[in-house]
């Protein structure tokens, strides 16, 4: 009976590793300059955790196989050092693994979150509110006009609460429901929430950042492939969270210029 | 016939005649008077209507597809080419004393193409209405009457294909803003009044019917420009008219 358990355990271990090793589920297309760092980190994690998992389960299966037919009187050997030794060993092993993963992932983390946007990045503002994302482009003057929350009126399509009549910087601001960006241009995404917590997630960009109400957060990224990608809210924000999304349109520079002009005419 | 019998006979016949008269007269009073007159007129906008911004529904592809050929705009001010102002509700703010029998019709407030149809709906106090969802996506209907007021705010989810929601408002309110939390651009108004009312069409023309003769104060309400009042006298058999003009800001 014990030997059967050992064999079953070994088979389950190997069977569960096959789909991962065989890359049956491929991650979505990587359209970002830092995407490969994230994907490599993911592969490293899978490899490290996978090796440890298979090793642990196969060692367990081996021990079950070897000692399952104990006869009365047989002594059980202890791990060298007893329980204390076992815990210390586990601590060191797992600790090393986690620290290694953290160390190898620092470049990916820093690239996205610690290194500031470059000086020639294009600023785009995003406001997350129950249950839609809206975007704002600064227009020709390169400046975003002030936001007046008391002036927000969705029925009038004044999403950001702009006072176009009294704030000159707001006059050329372009508010859109879709986020258009030119390909291969660094985007500086300025984020704030109108009401509760939300999250900005584009899986192809390998970008995810929570909106915290009251905080002005920012991200930067560079999209490398033309296409239409989903921006989904990944922080439960209420009854419409399941429907909260927008689209990211990555376009060539000329197409982007046309798109922005068309959006400006719809203000 | 003997004298006392004759007197009795006359008394009985007179009593019967009197009773018949009284019953007949009282019947006439109980029967509702036929609709007498009405007020009609035109609502105009002086000046250029403020630019109505196009609505981008890309976050809801099913609705964006419906409007691909004919994009829709906000409806805060809907003015026709000759300046006629649409969606203005004209109602009696003073002088209406008629037995307010709640209208028996049950109008429908529909959600179609991620818009409210109609954009402005008039209702009598205690008149039932039905909310329907004709879209393939869920909506939630969120009327927002005055906070702390007699009409209570409610918010109901209505998935595609769900049965109509029956609702009613118990007190007058001009006007109750309705929105959908899932689709932020959806906006409409329910105007709850006592007595008859009219809503202006694309030409700005409105009509109030079933008004007995009398002196009334009319109020015209538009969602952006607010209200204006006018005193009107309805004479028996003579249709009255009252026009309104709002100044574009």
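The values are calculated or read from the model by the stated rules, or taken from the named source; none is laboratory data. None of these values were measured; they are calculated from a predicted model. Every residue, glycine among them, receives a Cβ derived from its backbone with ideal geometry; neighbour counts consider all protein chains shown.
Odds and ends about this structure:
- For the stretch A:207-218, the criterion of a residue being away from chain B (no Cβ under 14 Å) and crowded, with 20+ Cβ neighbours inside 10 Å is satisfied by at least one position.
- Verdict on residue A:128 being touching a helix residue (DSSP H, G or I) at 6+ places or on another chain (Cβ under 6 Å) and under 26 Å from residue A:232 (Cβ atoms): no
- So residue B:174, is it more than 14 Å from every other protein chain (Cβ to nearest Cβ), modelled with pLDDT under 95, surrounded by 15 or more Cβ atoms within 10 Å (Cβ to Cβ) and within 19 Å of residue B:75 (Cα to Cα): yes
- Any hit, the stretch B:145-155, residues being part of a strand (DSSP E or B), in the same structural domain as residue B:85 (by TED's automatic domain parsing) and surrounded by fewer than 16 Cβ atoms within 10 Å (Cβ to Cβ): no
- Check on residue A:30, outside any loop (DSSP other than H, G, I, E, B) and touching a residue at least 40 places away in the same chain (Cβ under 8 Å): no
- Matching residues in the stretch A:187-207 - criterion: being within 25 Å of residue A:119 (Cβ to Cβ) and in a strand (DSSP E or B): A:187, A:188, A:189, A:190, A:191, A:192, A:200, A:202, A:207
- Residues within the stretch A:208-267 that are more than 18 Å from the chain's Cα centre (by Cα) and part of a helix (DSSP H, G or I), tallied: 14
- Selection within the stretch B:55-96 - surrounded by fewer than 16 Cβ atoms within 10 Å (Cβ to Cβ) and touching a strand residue (DSSP E or B) at 6+ places or on another chain (Cβ under 6 Å): B:71, B:73, B:94
- Annotation: residue B:214 fulfils all but one of (1) touching a residue at least 40 places away in the same chain (Cβ under 8 Å); (2) within 18 Å of the chain's Cα centre (by Cα); (3) surrounded by fewer than 19 Cβ atoms within 10 Å (Cβ to Cβ); the unmet one is (2).
- Only one of the numbered conditions (1) surrounded by 11 or more Cβ atoms within 10 Å (Cβ to Cβ); (2) touching a residue at least 60 places away in the same chain (Cβ under 8 Å); (3) outside any helix (DSSP H, G or I) is not met by residue A:69, and that is (1).
- Those residues of the stretch B:156-171 which are more than 10 Å from chain A (Cβ to nearest Cβ) and not in a loop (DSSP other than H, G, I, E, B), in sequence order: B:156, B:158, B:165, B:166, B:167, B:168
- Qualifying residue in the stretch A:154-174 (condition: within 14 Å of chain B (Cβ to nearest Cβ), outside any loop (DSSP other than H, G, I, E, B) and modelled with pLDDT of 95 or more): yes
- Note on the stretch B:202-224: residues that are farther than 12 Å from residue B:89 by Cβ and at pLDDT 90 or above amount to 9.
- Unmet requirement for residue B:228, which otherwise passes all of (1) touching a residue at least 40 places away in the same chain (Cβ under 8 Å); (2) under 22 Å from residue B:45 (Cα atoms): (1)
- If the condition is being part of a loop (DSSP other than H, G, I, E, B) and more than 14 Å from chain A (Cβ to nearest Cβ), then the stretch B:34-67 contributes B:34, B:35, B:36, B:47, B:48.
- For the residues A:72, A:80, A:27, A:19, the requirement of being out of contact with any strand residue (DSSP E or B) (no Cβ under 6 Å at 6 or more places or on another chain) and under 30 Å from residue A:249 (Cβ atoms) singles out A:27.
- The lone criterion from (1) within 14 Å of another protein chain (Cβ to nearest Cβ); (2) closer than 19 Å to residue B:106 by Cα; (3) buried (at least 22 other Cβ atoms within 10 Å of the Cβ) left unmet by residue B:192 is number (1).
- The number of residues in the stretch A:85-119 that are at pLDDT 90 or above, surrounded by 14 or more Cβ atoms within 10 Å (Cβ to Cβ) and over 16 Å from residue A:207 (Cβ atoms) comes to 0.
- Being buried (at least 17 other Cβ atoms within 10 Å of the Cβ), modelled with pLDDT of 95 or more and within 23 Å of residue B:40 (Cβ to Cβ) is not true of residue B:116.
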